[in-house]
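The values are calculated or read from the model by the stated rules, or taken from the named source; none is laboratory data. Everything numeric in this text was worked out from a predicted model, so none of it was measured. Methodologically, a virtual Cβ is constructed for each residue, glycine included, from the backbone with ideal geometry; neighbour enumeration extends over all protein chains shown. With ligands, DNA and RNA removed, areas are computed over all heavy atoms of the protein, side chains included. Shrake-Rupley method; radii C 1.70, N 1.55, O 1.52, S 1.80 Å.
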Amino acid sequence: MADGVWFNFILAAIPAGMPLLLGTLGEILTEKSGNLNLGVEGMMYMGAIIGFLGGYYTNSAVIALLAAFGGGVLGALIYAFLTVTLKANQNVTGLTLTIFGTGLASLIGENLLAGGSVSVAFSPELQAAFGNIRIPVLADIPYIGPLLFNNNIFVIIGVVCAVAMGLYLNHTRRGLNLRAVGENPGAADAAGVNVTLYKYVHILIGGGICGLGGGYVCFVTCKGLWVQNCVNGLGWIAVALVIFASWSPYRAIFGSLVFGALSVLQFYKPDFLRDVSAPIFSMLPFLVTAIVLVITSMRMSRERVQPKGCGTNYDREER
């Protein structure tokens, strides 16, 4: 690829990776609290459909974003109540949440498209609100400007969330408490940390971030048009990216960029790949996900492992 094509390829890969980054960050925060939530796909669907409804009926970008976040929070609340309060199995609950969220989005979407409507979409003004935001002067910096300072609001939200989460987990007392809850909730409880509160708050915030990832798919990828099955497996890739990023928000940025690049590769393929069919390129992110999971699991270091409390419900009566 020529230099200009390479730059355009990277420019396209950044926004393409944003739903993955948001889903990954939400799951990292959840797992840091000691809960494995396999319902990322479901929360992204709930964020997509509820965010779409909020934007469609109010014509407000702010309400659409808040509704997308709220949709993810709603899914996470269901998960938190079942696993933290009722001590249900985390794996089964997460899988059930994926089925529930996907089904809910499909049901509401079918009702929106009922009555002969070919499609339902945001107004042109609202679609424009989720377009690129150009920051004067900074956007004129060669190469860096178009990449970082001339992108949609979700790119800004994603990068800010990643940096803020990294600082929170590694450089604040509450972040240290959260990591203690995820590693050894019994010891954290004995030290005076409210384990249940920490789990609820961070599971809900993590779910809200996942919901924003679903909102991105609907608002940006689908151009404000409701499309059935729009998330289409991105939640599962986000779960795998958590392992690829070794539970680090900073590494999640790089991971989402790599998988974003894979998702747009078919539009920028070099000449020697011209005869390769499009379905193979569509399959590529999922194939690489499986390979990454195997390799990463084999080479996992002691410092880069899942929090020890994940998958096990904490009951203070048993400590």
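One table, with the values for the structure above:
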read-out	value
Two-decimal ratio, the range 48-126, of alpha-carbon radius of gyration to 2.2 N^0.38 Å	1.30
Most mobile listed residue (Ser263, Ser297, Ser60) in the chain, GNM with C-alpha springs under 10 Å	Ser297
The chain, helix-only ellipticity at 222 nm - DSSP H runs n ≥ 4, -39,500 (n - 2.57), divided by all residues, nearest 500	-21500 deg cm²/dmol
Extension gain, Ile141 back to Asn59 (0.36 nm per residue minus Cα-Cα distance, nm)	26.2 nm
Choice from Ile209, Ile144, Ile153 showing the highest fluctuation, given a GNM over the chain with Cα pairs closer than 10 Å	Ile144
Span-like helix ranges in the chain, DSSP H, alpha carbon extent 30 angstrom or more, Kyte mean at least 0.0	90-112, 195-216, 278-298
Extended-chain gain in nm, criterion 0.36 nm per residue less alpha-carbon gap, Leu95 and Asn232	47.8 nm
Taking the C-alpha atoms of the range 134-275, convex hull volume expressed per residue in Å³	161 Å³
Cα-based Kirkwood hydrodynamic radius, the chain, one decimal, Å	20.1 Å
Contact order normalised by residue count of the chain, Cα under 8 Å, 6+ apart, percent	36 percent
Where chymotrypsin sites (Phe, Trp or Tyr not before Pro) fall in DSSP loop in the range 211-287, at most 10 other Cβ within 10 Å	none
Lysine pair number, Cα distance threshold 27 Å (strictly under), the chain, separation 8 or more or different chains	7
Accessible area of Glu125 in the full protein assembly, 1.4 Å probe (Å², nearest 10)	120 Å²
Rough spin-label spacing in nm, given labels placed 7 Å along Cα→Cβ, for Ala278 and Val163	3.7 nm
Among Tyr56, Tyr168, Tyr45, residue whose mean-square fluctuation peaks in a GNM of the chain (springs only between Cα atoms under 10 Å)	Tyr168
Average accessible area per residue (Å²) across the chain - probe 1.4 Å, nucleic acids and ligands excluded	47 Å²
Segment Glu183-Gln266, length gained on full extension (0.36 nm per residue, minus Cα span)	25.8 nm
